[in-house]
There are 2 protein chains.
Amino acid sequence: MRFTSEQRFDDGVLERRFTLGEIPGVLWTPASAPAPLILMGHPGGLDRMYPRLAARARHAAAAGYAAATIELPGAGDRPRSAVAEQARADLRRALEAGEPVSDEIVDRLVLPLVDQAVPEWRTALDALLALPGIRGPVGFSGGVISIGVRLAVVEPRIAAAGLFAGSFVPRSIIEEARAVTIPLLVLLQWDDEGNDRQMALDLFDAFGSKEKTLHANTGGHTGVPAFEGDDANRFFARHLR
Amino acid sequence: MRFTSEQRFDDGVLERRFTLGEIPGVLWTPASAPAPLILMGHPGGLDRMYPRLAARARHAAAAGYAAATIELPGAGDRPRSAVAEQARADLRRALEAGEPVSDEIVDRLVLPLVDQAVPEWRTALDALLALPGIRGPVGFSGGVISIGVRLAVVEPRIAAAGLFAGSFVPRSIIEEARAVTIPLLVLLQWDDEGNDRQMALDLFDAFGSKEKTLHANTGGHTGVPAFEGDDANRFFARHLR
């Protein structure tokens, strides 16, 4: 892990960009240390997502958490995958034609991404937890929700997850979700155009966790109400101490 | 409205029992005044429900709200209705036999109750808002959810509602819900045995409100997590000022 730039905000939060091998990432740390870490998921494209990610990270930092994220495979400046590009084109075509999105397209779109991303996030976690001032337990927050599901199953250092049900979910991931046992807060935008509401509800139902909460709000993909940021902080406050 | 007894708790909350004509009720007021009022719904049987209602009321009072409730028609010491008793017996029989609960039973069980209770709650609201130290806007919190829906439609003094989706809902009430426009927080126990999950989701979908939030938690009817009490207070804090 190599830090490439840093800036400190008025609120005392230190933002550091880094690379982990070829993978770019960003780490935000609050003034208080040691801070429990929240891994922040996103749909890929760190530069495009930066304003929203930085806002989420600084909101979490205000509550005492460090936050970090890395670029997804095939996104930003990372090499494209022909399989993923084809799946994305097929998804777009189905949505534009108003056709149902087939399981086969969802599998091609999401499963290779999960297979590649999850080991990268675990490697990032190794590097982040080796830094001074950052400690476990670790939370995962955001999407791609299938990445969050797999991480929650395979990564014992993740103690709680706030998952954004804002993307299509392969049926095999819904099956994997039965093995998740950590506390969950699942966020669903009720009118999300890039999602399947019933699939999100099926996924919530499948999770094996004894404590799981669904927060569904009116509005589309990017319309998550501001108060959900506070709710997420309170959720992590209950589980990352 | 006639006060019949009062006691003051250690936390400064004043609890007064009252009768409104033949209907018994309870009013809890915080030390601070004037306080916005939350009407607390329940399934009927004030004495049986008292410990939970008093806990909810004092939690709300700690956040600055007055809270009040009245007995439902046909419950507690109030005269029984033959129609409701028959419907309740039919419901019990269907549940014990593991049969689906028919729309016809749900209609007989809930619609006469809503028709009788809603005018009573509005009369109680008149009397409560005439007391010194209590003011609008008013919130409704709890169940029977069909009573909350009808109140939200017909009673303009109710500015926000935290509804507990813990009872069967007639299809005509789901239609009425389209006319609800106030902010809503709907609470659903995911594994509630005395409920129909899909019906609760259909009801949430039907509400016409621009701001509506669903909180679903694992567990049965009486297993609402304690943190939902804080969430409800924060919801009312956003809307009853």
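Secondary structure note: in the stretch A:17-99, about 75% of the DSSP beta bridges are antiparallel. Cross-link partners of residue B:210 among aspartates and glutamates, defined as those whose alpha carbon lies under 13 angstrom from its own and excluding same-chain residues fewer than eight positions apart: A:191.
Using C-alpha pairs under 8 Å with a sequence gap of at least 6, the mean separation divided by the residue count of the stretch B:97-241 gives a relative contact order of 21 percent. Equivalent ellipsoid of the stretch A:73-114: semi-axes from √(5λ) of the C-alpha gyration tensor, largest first, are 20, 11, 7 Å. Taking only alpha carbon atoms, the protein assembly as shown gives an Rg to Rh ratio of 1.03, where Rh is the Kirkwood radius.
The label point for residue A:234 and the one for residue B:94, both projected 7 Å from the Cα toward the Cβ, are 3.6 nm apart. Legend: Rg and Dmax of the stretch B:20-70, from Cα coordinates, 10.9, 31 Å. For residue B:234, the point set 7 Å out from Cα toward Cβ sits 0.4 nm from its twins in the other copies, listed from shortest up. Restricting to the protein assembly as shown, compute how many DSSP beta bridges are antiparallel as a %, nearest 5. Among the beta bridges of the protein assembly as shown, antiparallel pairing accounts for roughly 45 percent.
Ordering A:128, B:91 from the fewest to the most neighbouring beta carbons within 10 Å gives B:91, A:128.
Converting the Cα gyration tensor eigenvalues of the stretch B:104-241 into ellipsoid dimensions via √(5λ) gives semi-axes, longest first, of 23, 19, 14 Å.
In the stretch A:137-186 the Cα-Cα distances spread across 5 Å bins starting at 0 as 5, 24, 37, 26, 8, 1 percent of all pairs. Set the Förster radius R0 to 25 Å, insert the Cβ-Cβ distance between residue A:181 and residue A:33 as r into 1/(1 + (r/R0)^6), and round the FRET efficiency to 0.05. The computed FRET efficiency comes out at 0.25. With q set to 0.07, 0.10 Å⁻¹, the log10 of I(q)/I(0) for chain A, from the Debye formula over equal scatterers at the Cα positions, is -0.21, -0.44. Considering only chain A, what is the antiparallel percent among its DSSP beta bridges, to the nearest 5? The antiparallel proportion sits near 40 percent.
When every alpha-carbon pair in the stretch A:75-167 is counted, what percent end up more than 15 Å apart?
67 percent
Exposed loop sites are taken as GluC sites (Glu not before Pro) in a DSSP loop (any state but H, G, I, E or B) with at most 15 other beta carbon atoms within 10 Å; the longest stretch of chain B without one runs B:23-192. With N the number of residues in the stretch A:174-228, Rg(Cα) / (2.2 N^0.38 Å) evaluates to 1.16. The stretch B:1-48 and the stretch A:163-241 have their alpha-carbon centroids 38 Å apart. Legend: calculated FRET efficiency, residue A:171 to residue A:122, from the Cβ-Cβ distance at R0 = 25 Å, rounded to 0.05, equals 0.55. Dividing the summed -39500 (n - 2.57) terms of all DSSP H runs of n ≥ 4 by the residue count of the protein assembly as shown sets its mean residue ellipticity at 222 nm at -13500 deg cm²/dmol.
Paramagnetic label reach from residue A:104 (point 7 Å along Cα→Cβ; backbone nitrogen cut-off under 18 Å): within the stretch A:55-92, residues A:83-92. By the combined test of axial Cα extent (at least 20 Å) and Kyte-Doolittle hydropathy (mean at least 0.0), the qualifying DSSP H helices of chain B come to B:103-129.
Taking neighbour Cβ counts within 10 Å as the exposure measure, how do B:186, A:26 sort from fewest upward?
Fewest-to-most ranking of B:186, A:26: A:26, B:186.
In this assembly of identical copies, the label point of residue A:156 (Cα plus 7 Å along Cα-to-Cβ) is separated from its counterparts by 6.3 nm, sorted shortest first. Across the identical copies, the label point of residue B:19 (7 Å from Cα in the Cβ direction) is separated from its matches by 8.3 nm, in order from shortest.
Residues A:111, B:185, arranged from fewest to most other Cβ atoms within 10 angstrom of their Cβ, appear as A:111, B:185.
Laboratory data are not the source of any read-out in this text; all were calculated from the coordinates shown. Computed from a predicted model, the values in this text were never measured in an experiment. Cβ coordinates were reconstructed from backbone atoms using ideal geometry, including for glycine residues, and neighbour counts include every protein chain displayed.
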